[in-house]
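Notes for the one structure printed next.
The values are calculated or read from the model by the stated rules, or taken from the named source; none is laboratory data. As the structure is a computational prediction, the values presented were derived from the model and not from experiment. Don't worry about glycine lacking a Cβ; one is built from the backbone with ideal geometry, like all the others, and counts go over all protein chains shown. The protein model used for the area step is the full one, side chains on, heavy atoms only, and it has no ligands, DNA or RNA in it. Shrake-Rupley method; radii C 1.70, N 1.55, O 1.52, S 1.80 Å.
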Amino acid sequence: MSQATTDHAPLTVVLVHGAFADSSSWNGVIERLQAAGIQVTAAPNPLRGISHDSAYVASFIKQVPGPVLAVGHSYGGAVISNAATGLGNVVGLVFVAAFAPDEGERLADVTAGSRDSVLSTAQVALQYPTPDGAGTATEFAIDPAKLHDVFAADLSAQQAAVLAATQRPVSELAFSEPSGPPAWKSLPSWTVLASADKAAGTDVVRSMAERAGATITEVEGSHVIMVSQPGAVADVILTAAAAVARPAAATAG
């Protein structure tokens, strides 16, 4: 990619989904960003662990021409925190009911200390084959009978049942691997805080957002706030996009 191409390309919003989900969880947000004229793409998150997923998303972002506003939901926040470190084209971060871990933190330890998160009580352990074929490793899904209450309480029972049926299990490594140096230490950040987040935990998300110096917007809703309140989430992303675009516009002028 040439520097000239990077300099003149428009801002792209890169959306990174979290655990137990896929990129379709961003559909309502994408529709609103596109209607506002924002270039947007959703990166597949492999859900195989912090180091693996961050390397994949970093590679994805590197191939986007122009500046990038990286947006992560839930575990996707930990992924963008790691993936954006050292990437010259990432100009800001938006955390949507998302983790923003510091270097060395493990998400399992963080959520264990939460008063609001009850995710551990709803997880089901599964097995998948290791890449070398030598054995199996552990991944987690959410018990379909508990997903509505824990993950998506402000959606209808029917919507939650669809999420339960289409959920993607996440490797245990997503919770046990230590996080690397976080990009939020050097980039401006925004956080959408879900008021009734029983998965990541409203208290955990708030604490991490405050530590990161993020601009916090609290929205009434569950962990899947981008599904239940896509307009509110899109508004925060648009605010962040406008803020990170100003320096470039001033320089050009």
For the range 128-253, what proportion of DSSP beta bridges, expressed in % and rounded to the nearest 5, is antiparallel?
45
Using a 1.4 Å probe over the heavy atoms of the protein chains, calculate the carbon and sulfur portion of the accessible area of the chain as a whole percent.
54
Quick P(r) readout (the range 22-114; Cα-Cα; 5 Å bins; whole %) gives 3, 13, 24, 26, 19, 9, 4, 2, 0
So which lysines can Lys146 reach, going by Cα to Cα under 30 Å and dropping same-chain residues fewer than 8 places off?
Lys198
Once Lys and Arg are counted +1 and Asp and Glu -1 for all other residues with Cβ under 15 Å from that of Ser189, the total becomes +1
So what is the orientation-averaged projected area of the range 49-96, using the convex hull of its C-alpha atoms, in nm²?
2.8
Report, by chain and number, residues whose modeled amide H sits under 5 Å from the one on Val94, excluding near sequence neighbours (fewer than 5 apart, same chain).
Ala70, Val71, Gly72, Trp190
Sorted by chain and number, the residues with a modelled amide H under 5 Å from that of Gly18, at a separation of 5 or more or across chains, are His73, Gly76
Glu220 paired with Leu126, simple spin-label distance in nm, labels 7 Å along Cα-to-beta-carbon
3.5
If you consider only alpha-carbon coordinates, what radius of gyration and Dmax does the range 1-156 have, in Å?
17.0, 52
Where a Cα-Cα gap under 20 Å defines reach, which lysines qualify for Lys185, not counting those fewer than 8 residues away within the same chain?
Lys62
Quick one: what do you get for the range 102-209 if you divide its Cα Rg by 2.2 N^0.38 Å?
1.20
Through the Karplus equation 6.51 cos²θ - 1.76 cosθ + 1.60, θ set to phi - 60°, convert the phi angles of the range 206-216 into ³J(HN,Hα) values in whole Hz; use x for Gly and Pro.
4, 4, 5, 5, 5, 4, 7, x, 6, 7, 9
Compute the acute angle (0 to 90°) between the alpha-carbon long axis of helix 157-166 and the principal axis of greatest extent of the alpha-carbon atoms of the chain; round to the nearest 10°.
90
